[in-house]
1. Keeping all protein chains in place, calculate the accessible area per residue for the chain (probe 1.4 angstrom), answer in Å².
2. Rounded to the nearest 500 deg cm²/dmol, what is the calculated helix-only ellipticity per residue at 222 nm for the chain, with -39500 (n - 2.57) per DSSP H run of length n ≥ 4?
3. Over the range 9-80, with every protein chain in place, what whole percent of the accessible area is carbon and sulfur at 1.4 Å, could you tell me?
4. Between THR154 and GLU90, what is the FRET efficiency for a Förster distance of 35 Å, r being their Cβ-Cβ separation, to the nearest 0.05?
5. Can you give me the relative contact order of the range 1-122 as a percent, contacts being Cα pairs under 8 Å and 6 or more apart?
6. What FRET efficiency do you get for MET1 and LEU123 if R0 is 35 Å and r is their Cβ-Cβ distance, rounded to the nearest 0.05?
7. Find how many whole Å separate the alpha carbon centroid of the range 59-113 from the alpha carbon centroid of the range 15-49.
8. Tell me the net charge near SER131. Cut-off is 14 Å between Cβ atoms, SER131 excluded, with +1 for each Lys or Arg and -1 for each Asp or Glu.
Amino acid sequence: MLLVSACLLGANVKYSGGSNYCELLAQYQGRGLFLPVCPECLGQLAVPRPPAEIRGGDGSDVLNGKAKVYASSGHDITANFIKGAEAVLELARKEHIRAAILKARSPSCGAGKIYNGNFDGTLTSGEGVTSALLKQNGITVYTELDLTEELLQTLLAK
């Protein structure tokens with residue numbers, strides 16, 4: 001079973017109220033192979049909600065208390081992001097999940113690149129809060145940008 005960002009499976013949980021539907025993942029939906037999650041919803045953030053970005057580092061820095069997550073409105077929502085990440089990790093542990101496919105560039109789910117915290121569309125190297133926590137706990141994280149049919153087949157075969 002793979003942990004998958006719910007928005008990639010068509011759930012309308014994106015900050016704007018929409019989804020980030022991924023056609024390749026949708027082909028496998030309904031087979032009981034995915035555990036859909038939205039860390040931001042699990043962290044009790046509303047849908048829709050203002051966009052959020054990490055300031056002062058990345059998700060690892062947030063988990064270490066060195067960076068914070070802010071909504072574009074200026075509200076500090078760090079606690080919500082940590083709570084959501086911890087809830088996702090708990091679900092992953094219960095299901096013995098070893099890999100995840102999460103939403104690229106997200107302050108929760110991004111892996112490798114996230115927005116820089118200035119709400120100007122600039123990407124920087126780093127992890128989202130959930131991605132960082134999962135990786136710290138031995139779970140391999142991919143994004144939909146990494147996804148190919150071959151990779152998906154390999155992950156599902158494990």
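The values are calculated or read from the model by the stated rules, or taken from the named source; none is laboratory data. No experiment lies behind these values; they were computed from the predicted model shown. Cβ atoms come from the backbone with ideal geometry, glycine included; neighbour counts cover every protein chain shown. What goes into the accessible areas is simple: the full protein's heavy atoms, side chains included, and nothing from ligands, DNA or RNA. Shrake-Rupley method; radii C 1.70, N 1.55, O 1.52, S 1.80 Å.
1. Working: 7500 Å² over 158 residues.
Averaged over the residues of the chain, the accessible area is 47 Å².
2. On the way: 6 runs with 47 residues, N = 158.
Computed ellipticity for the chain at 222 nm equals -8000 deg cm²/dmol.
3. Working: 1760 of 3630 Å².
Carbon and sulfur together cover 49 percent of it.
4. Details: r = 26 Å, r/R0 = 0.74.
Approximately 0.85, to the nearest 0.05.
5. Details: 219 pairs, mean separation 33.8, N = 122.
Once divided by the residue count of the range 1-122, the mean separation gives 28 percent.
6. Numbers: r = 30 Å, r/R0 = 0.86.
Taking R0 as 35 Å, the efficiency between MET1 and LEU123 is 0.70.
7. Result: 14 Å between the Cα centres.
8. On the way: positive: LYS103, ARG105, LYS113, LYS135; negative: GLU40, ASP58, ASP61, GLU86, GLU127, GLU144, ASP146.
So the environment of SER131 carries a net charge of -3.
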